[in-house]
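Trainee: Have a look at this one before I ask anything.
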Protein chains: 2
Amino acid sequence: MTDRPKAVVLLSGGLDSATALAIACDLGFSCHALSVDYGQRHRAELDAARRVAAAQGIIDHSVVPIGLGAIGGSALTDPQIAVPQQPTSGIPVTYVPARNTVLLALALGQAEVIGARDIFVGVNAVDYSGYPDCRPEFIAKFQELADLATKAGVEGHGSRIHTPLINLSKADIIRRGVALGIDYGLTVSCYQADDAGRACGVCDSCRLRAEGFRTAGVPDPTVYR
Amino acid sequence: MTDRPKAVVLLSGGLDSATALAIACDLGFSCHALSVDYGQRHRAELDAARRVAAAQGIIDHSVVPIGLGAIGGSALTDPQIAVPQQPTSGIPVTYVPARNTVLLALALGQAEVIGARDIFVGVNAVDYSGYPDCRPEFIAKFQELADLATKAGVEGHGSRIHTPLINLSKADIIRRGVALGIDYGLTVSCYQADDAGRACGVCDSCRLRAEGFRTAGVPDPTVYR
């Protein structure tokens with residue numbers, strides 16, 4: 001038994017969501033981790049999510065399968081679209097259409113079911129790939145939607161969306177996580193990690209991560225293939 | 001080849017969504033039907049969705065599987081929770097937490113991928129079960145979210161959410177559909193239809209549907225078990 005308030009934490013298995021989970025735990029929440037198997041190429045992320053949840057002592061970890069491949073349109077879900085090896089301008093092809101809307105909707109449903117009034121998501125609008133649904137204005141609007149969308153919201157105690165990383169640089173996120181004792185060697189950020197979780201070192205996500213460790217002055221535990 | 005504008009139409013296989021699809025087609029849209037297999041009890045709905053799409057001449061029909069059972073909390077996805085046989089007060093246990101948020105998010109992703117600027121959803125706030133995410137204020141807020149959530153929205157041509165049934169009574173919906181030539185015998189509304197699509201006749205959805213046919217003065221083609 002615990003009197004701690006419950007929170008749902010979206011956990012991809014990457015560096016950012018691992019840090020968001022550690023922050024939520026550190027704030028005293030009883031955390032329920034929610035991962036989504038959306039047919040992403042980098043399935044090693046889900047294995048990483050399980051490791052990260054276990055390391056954090058999370059007992060409740062749901063993995064919701066969803067066939068976004070039926071929709072397609074992203075290098076992360078459609079094997080016909082290649083992951084870029086170089087920086088690109090604009091919104092990149094690794095963008096999954098409406099992904100964060102779907103993920104937050106699922107978190108909202110999960111929060112309602114378990115009676116959690118808090119949702120944590122590790123979106124970041126500084127060192128990120130330029131996805132529209134990582135921006136603060138998107139999150140603020142989703143909060144307004146959440147207040148209307150659910151039974152709990154209608155009854156006046158809808159879920160609060162927390163984005164503790166949204167204004168941090170990747171280096172700041174890493175420093176914060178190291179202070180909280182995270183072993184980033186458990187996490188996988190690469191858009192095209194192999195089954196063992198080894199990173200490519202050249203995709204957008206790998207580049208942002210490697211630069212973050214360099215800037216933070218923290219040894220990079222990432223295993224490259 | 002067609003010059004008609006594309007639309008994504010959420011199609012559950014029930015009476016309302018079949019009517020929304022017929023209206024979208026009648027308005028001249030090239031319709032892409034989107035159904036979601038969310039582990040609902042009434043799986044006969046999905047078979048109905050396929051029949052309805054075929055009858056309407058829809059070539060593109062995606063069925064996205066999503067394991068909402070991992071979240072639970074509804075009589076429609078959790079076999080441990082019984083479907084009420086009598087009217088209940090408040091939001092009923094057949095409410096699926098955040099369902100319409102999830103469905104609209106998927107439609108938004110699909111619209112972005114196929115380049116559709118219009119989304120149709122058959123929500124109705126008159127003869128409905130009292131779900132919070134069927135109300136006009138929820139839809140209006142989702143529209144605001146859609147304008148921020150996607151690449152298309154950011155580029156200034158995000159999707160418009162159409163709810164042609166939202167202010168119609170069930171009888172009005174049926175009259176409208178009959179005028180458009182819908183065979184409602186193809187549709188399944190029952191929350192606990194059997195595998196052959198035969199209705200229970202006592203759940204909330206069956207009651208609203210039967211009353212709609214009576215009020216509209218239209219013979220009810222529903223097959224009851």
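The values are calculated or read from the model by the stated rules, or taken from the named source; none is laboratory data. Here the structure is a predicted model, which means the values were calculated and not measured. Note: ideal-geometry Cβ built from the backbone for every residue, glycine included; neighbour counts use all protein chains shown.
Trainee: Here is a list of conditions, (1) of a type in the set (D, E, K, R); (2) part of a helix (DSSP H, G or I); (3) in contact (Cβ under 8 Å) with a residue 40 or more places away in the chain, and residue A:194 meets all of them except one; can you say which number that is?
Mentor: Of the numbered conditions (1) of a type in the set (D, E, K, R); (2) part of a helix (DSSP H, G or I); (3) in contact (Cβ under 8 Å) with a residue 40 or more places away in the chain, the odd one out for residue A:194 is (2).
Trainee: In addition: Can we say residue A:179 is over 30 Å from residue B:104 (Cα atoms), surrounded by 17 or more Cβ atoms within 10 Å (Cβ to Cβ) and among the aliphatic types (A, V, I, L, M)? Steps first, answer last, please.
Mentor: Working: over 30 Å from residue B:104 (Cα atoms): yes; surrounded by 17 or more Cβ atoms within 10 Å (Cβ to Cβ): no; among the aliphatic types (A, V, I, L, M): yes.
No: the conditions fail for residue A:179.
Trainee: While we're here: What pairs come out if I take residues in segment A:37-49 that are among the acidic types (Asp, Glu) and pair them with residues that are in a loop (DSSP other than H, G, I, E, B) and modelled with pLDDT of 85 or more whose C-beta lies under 6 Å away, six or more apart or interchain?
Mentor: The qualifying pairs are A:45/A:12; A:45/A:13; A:45/A:188.
Trainee: So which residues in segment B:1-31 are among the polar types (S, T, N, Q), at pLDDT 95 or above and either within 19 Å of residue B:115 (Cβ to Cβ) or in contact with an Asp or Glu (Cβ under 6 Å, 6 or more places away or on another chain) (or both), if there are any at all?
Mentor: We begin by selecting, within segment B:1-31, every residue among the polar types (S, T, N, Q); these are B:2, B:12, B:17, B:19, B:30.
Subset that is at pLDDT 95 or above: B:17, B:19, B:30.
Hit for segment B:1-31 is B:30, nothing else.
Trainee: Restricting attention to segment B:184-206, and to residues there that are at pLDDT 95 or above and in contact with a Gly (Cβ under 9 Å, 6 or more places away or on another chain), which single residue is surrounded by the most Cβ atoms within 10 Å (Cβ to Cβ)?
Mentor: B:187
Trainee: Just give me the residues in segment B:165-191 being part of a loop (DSSP other than H, G, I, E, B) and over 13 Å from residue B:126 (Cβ atoms), in sequence order.
Mentor: First, the residues of segment B:165-191 that are part of a loop (DSSP other than H, G, I, E, B): B:165-169, B:180-183, B:187-191.
Across segment B:165-191, the qualifying residues are B:180, B:181, B:182, B:183, B:187, B:188, B:189, B:190, B:191.
Each row is one residue, and each column tells you yes or no for (1) at positive phi; (2) buried (at least 22 other Cβ atoms within 10 Å of the Cβ); (3) touching a strand residue (DSSP E or B) at 6+ places or on another chain (Cβ under 6 Å).
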site	(1), (2), (3)
A:143	no, no, yes
A:148	no, no, no
A:155	no, no, no
A:165	no, yes, no
A:170	no, yes, no
A:173	no, yes, no
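Trainee: On the given criteria, is residue B:209 buried (at least 24 other Cβ atoms within 10 Å of the Cβ), among the basic types (Lys, Arg) and at pLDDT 90 or above? Explain how you work it out, then say what you get.
Mentor: Working: buried (at least 24 other Cβ atoms within 10 Å of the Cβ): yes; among the basic types (Lys, Arg): yes; at pLDDT 90 or above: yes.
So residue B:209 fits the description; yes.
Trainee: Do we have residue A:92 as part of a loop (DSSP other than H, G, I, E, B) and modelled with pLDDT under 90 here?
Mentor: Details: part of a loop (DSSP other than H, G, I, E, B): yes; modelled with pLDDT under 90: yes.
It is true that residue A:92 is part of a loop (DSSP other than H, G, I, E, B) and modelled with pLDDT under 90.
Trainee: Hey, another quick one. Search segment B:44-70 for residues being at pLDDT below 90 and away from chain A (no Cβ under 14 Å), and hand back the single one that is farthest from residue B:96 (Cα to Cα).
Mentor: B:59
Trainee: Keeping to segment A:12-35, report how many residues are assigned to a strand (DSSP E or B) and under 10 Å from the mean Cα position of the chain (by Cα). So that I can check it myself, show each step before the final result.
Mentor: We begin by selecting, within segment A:12-35, every residue assigned to a strand (DSSP E or B); these are A:30-35.
Still in the running and under 10 Å from the mean Cα position of the chain (by Cα): A:34-35.
Here the count works out to 2.
Trainee: Looking at segment B:125-137, is at least one residue modelled with pLDDT of 90 or more and more than 8 Å from every other protein chain (Cβ to nearest Cβ)?
Mentor: Within segment B:125-137 (the criterion being modelled with pLDDT of 90 or more and more than 8 Å from every other protein chain (Cβ to nearest Cβ)), the answer is yes, since at least one residue qualifies.
Trainee: Mind counting the residues in segment B:149-175 that are closer than 26 Å to residue A:99 by Cα and charged (D, E, K, R)?
Mentor: 3
Trainee: Could you look through segment A:212-225, keep only residues that are touching a strand residue (DSSP E or B) at 6+ places or on another chain (Cβ under 9 Å) and in a loop (DSSP other than H, G, I, E, B), and pick out the one that is modelled with the lowest pLDDT?
Mentor: As a first pass, look at segment A:212-225 and keep what is touching a strand residue (DSSP E or B) at 6+ places or on another chain (Cβ under 9 Å): A:222-225.
From the residues that got through so far, the ones that are in a loop (DSSP other than H, G, I, E, B) too are A:222-223, A:225.
Details: A:222: 96, A:223: 93, A:225: 89.
Among them, the one singled out is A:225.
Trainee: Please count how many residues of segment A:119-138 are more than 14 Å from the chain's Cα centre (by Cα) and either at positive phi or hydrophobic (A, V, I, L, M, F, W, C) (or both).
Mentor: The number of residues fulfilling the criteria is 3.
Trainee: Can you tell me which residue in segment B:97-124 is nearest to the other protein chains (Cβ to nearest Cβ), limited to those that are in a loop (DSSP other than H, G, I, E, B), more than 18 Å from residue B:153 (Cβ to Cβ) and not small (Gly, Ala, Ser)? Let's see the steps before the verdict.
Mentor: Pass one, segment B:97-124, residues in a loop (DSSP other than H, G, I, E, B): B:97-98, B:115-117, B:121-124.
Restricting the remaining residues to those that are more than 18 Å from residue B:153 (Cβ to Cβ) gives B:97-98, B:122-124.
Now restrict to residues that are not small (Gly, Ala, Ser): B:97, B:123-124.
Working: B:97: 4, B:123: 12, B:124: 17 Å.
Top of the filtered list is B:97.
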